[in-house]
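Asker: One structure is given below, represented as structure tokens, and several questions about it will come after.
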Amino acid sequence: MIVCVCKRVSDRQLRALARDGVTSVCEMQLETGCGTCCGKCLPMVREIADEAQQREMAGFGMGMLAA
Ligand code: FES
């Protein structure tokens with residue numbers, strides 16, 4: 001699904017970036033240009049970034065338990 005109509009950025013692109021460690025809205029904007037025109041997509045971009053950060057933190061927590 002297209003998240004950012006202005007820059008034609010899909011949720012798949014953003015989730016792929018998130019898997020590669022791009023987990024903040026600012027980084028996603030720098031990588032794709034999403035949210036840099038009208039800004040209507042920013043809530044969805046923020047949601048994807050938040051999910052990625054939560055996954056990252058959960059993974060970090062699991063790593064801490066295993067150490
Ligand atoms: S829809 Fe993303 S900047 Fe307009």
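Asker: Based on DSSP H runs of at least 4 residues, each adding -39500 (n - 2.57), what is the mean residue ellipticity at 222 nm of the chain after dividing by all its residues, to the nearest 500 deg cm²/dmol?
Answerer: Numbers: 3 runs with 42 residues, N = 67.
Estimated from H runs of four or more residues: -20000 deg cm²/dmol.
Asker: Using a 1.4 Å probe, what is the accessible area per residue for the chain, in Å²? All intermediate terms of the calculation are to be shown ahead of the outcome.
Answerer: Details: 4600 Å² over 67 residues.
Computed with neighbouring chains in place, this is 69 Å² per residue.
Asker: Report the equivalent ellipsoid semi-axes for the chain in whole Å, largest first, defined as the square roots of five times the eigenvalues of the gyration tensor built from alpha carbon atoms.
Answerer: Details: eigenvalues 135, 18, 16 Å².
Semi-axes (√(5λ), whole Å): 26, 9, 9.
The values are calculated or read from the model by the stated rules, or taken from the named source; none is laboratory data. Only a predicted model underlies this, so the values are computations on that prediction, with no experimental measurement involved. For the accessible areas, the whole protein counts, side chains as well, though only heavy atoms, and no ligand, DNA or RNA atoms are used. Shrake-Rupley method; radii C 1.70, N 1.55, O 1.52, S 1.80 Å.
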